[in-house]
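Peer 1: First the structure, which I've put down as structure tokens, then a few questions once you've had a look.
Taken together, the values in this text are just the output of simple stated rules run on the coordinates, not laboratory data. No experiment lies behind these values; they were computed from the predicted model shown. Here Cβ is always computed from backbone atoms with ideal geometry, including for glycine, and neighbour counts include all displayed protein chains.
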Amino acid sequence: MSIIVGDKQMETCLIKPRGEHMALNILFFGTNHPKSIKPLYALDRKHQILGVVEWSPKEDTVKKILRQIYHYGKGLRGEVKTLRSFAKNRKIPHINTHSCPITSGEFEEKIKNLQPDLICVSNFGERIPLNIIEIPKHGGINAHGSYLPNYQGAIPWFWQYYNMEKEGGVTIHRMSEKEDQGEILLQEKFPIELGLRENQLLQRITKHTTKLLMETVEEIEQTGGIEANEGNIIPKEPENLFKGRCIQRGEKFIDWNIWEVERVYHFLRGTDAMELDPPFWGGIWEVQDYKKMKTPSGKATSDARRRQPGDIRKTKEGYRLLCKNGEVLLQPHFSFKALITGMLAKR
């Protein structure tokens with residue numbers, strides 16, 4: 001079967017049979033992150049992926065080259081494939097939102113030409129317009145990295161670390177014109193232990209995202225949709241509802257005079273110590289442990305001033321970050337990711 005995307009004709013693979021049901025024709029929206037890549041490959045094993053839409057921020061040539069080097073390095077280590085390579089291997093369309101903006105008439109025309117049954121979204125960095133969501137007969141579903149309705153919006157995992165939440169979750173919901181407020185279809189919770197690292201939390205989110213997306217698509221495929229019932233009616237928003245947002249470069253979050261050492265430790269472990277100045281160019285602080293003390297152990301400096309919470313000092317045992325009621329144990333090391341990220345941030 002061939003389809004027309006813009007002025008190009010592309011061959012697609014044959015539709016995969018699914019017992020008595022025909023596999024849904026899915027258009028996938030995501031980024032080059034495991035939270036997109038792993039669900040995509042899982043869906044591809046049982047369903048028909050018509051094409052992929054990759055969210056890509058606007059960036060200059062040097063930034064683009066650095067990002068490609070980073071993804072190439074990850075590919076050599078077998079860590080993650082890209083949406084482009086997935087599309088190329090399957091000979092299906094790959095649409096990049098940098099060259100074809102999601103709000104453009106050209107983008108809408110491309111999606112209409114693909115004739116998808118369903119849009120599946122995981123870790124996409126831009127709100128999808130209603131006119132795009134309404135093209136497929138089953139609309140669109142989105143995997144959100146929190147137990148909605150709490151933590152709607154951007155980077156929910158970050159804000160869960162910030163608030164020291166003991167539970168995280170993943171929600172699959174119908175897409176609507178309001179961000180993360182469509183009908184809830186499936187949800188699951190999981191624990192967030194003290195000191196759980198960022199990569200461990202993202203692995204849990206990815207695992208639950210893949211599982212719930214597969215279950216939701218299976219249900220839509222077999223029944224023609226998911227009927228509204230008591231289990232998936234949109235819950236009433238809690239009084240303490242917290243909504244996420246994007247963070248600004250250089251923004252600080254730790255209140256050193258108020259935060260207890262456990263909270264500082266947990267937040268730094270979950271955010272790759274982004275709040276701290278790097279130990280050297282291309283370096284990153286590894287957050288190892290913490291010690292709680294009745295009084296801070298800062299010693300008077302040569303000019304008789306005591307060290308303040310937030311100060312880092314070197315000892316025989318390693319580096320210590322002074323907190324209100326204890327210390328966080330740190331160790332510096334080189335990070336290829338930090339090197340590339342630092343170079344990108346300088347642009």
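Peer 1: Once Rh is set to the Kirkwood radius over Cα pairs, what Stokes-Einstein translational diffusion coefficient, in µm²/s, holds for region 101-185 at a temperature of 37 °C and a viscosity of 0.692 mPa s?
Peer 2: Translational diffusion coefficient: 238 µm²/s.
Peer 1: Determine, for each peptide in 174-184, 160-170, 47-57, the mean count of other beta carbons within 10 angstrom over its residues, then list the peptides with the highest first.
Peer 2: 47-57, 160-170, 174-184
Peer 1: A follow-up question, please. Which of the peptides 187-198, 259-270 is most tightly packed, and how do the rest follow, judged by the mean count of other Cβ atoms within 10 Å per residue?
Peer 2: 259-270, 187-198
Peer 1: A further question follows. What pairs in K189/K211; K35/K81; K112/K211; K110/K178 have C-alpha atoms more than 18 Å from each other?
Peer 2: Beyond 18 Å: K112/K211; K110/K178.
Peer 1: What residues have an amide H closer than 5 Å to that of S56, excluding those fewer than 5 places away on the same chain, when H is modeled at 1.01 Å from N in the peptide plane?
Peer 2: Those qualifying (amide H under 5 Å, at least 5 residues apart or on another chain) are T97, H98.
Peer 1: Could you please rank C100, C323, placing first whichever residue has the fewest other Cβ atoms within 10 Å of its Cβ?
Peer 2: C100, C323
Peer 1: If packing is taken as the average number of other Cβ atoms within 10 Å across a peptide's residues, how do 135-148, 241-254 rank, most packed first?
Peer 2: Taking the mean over residues of other Cβ atoms within 10 Å, the ranking is 135-148, 241-254.
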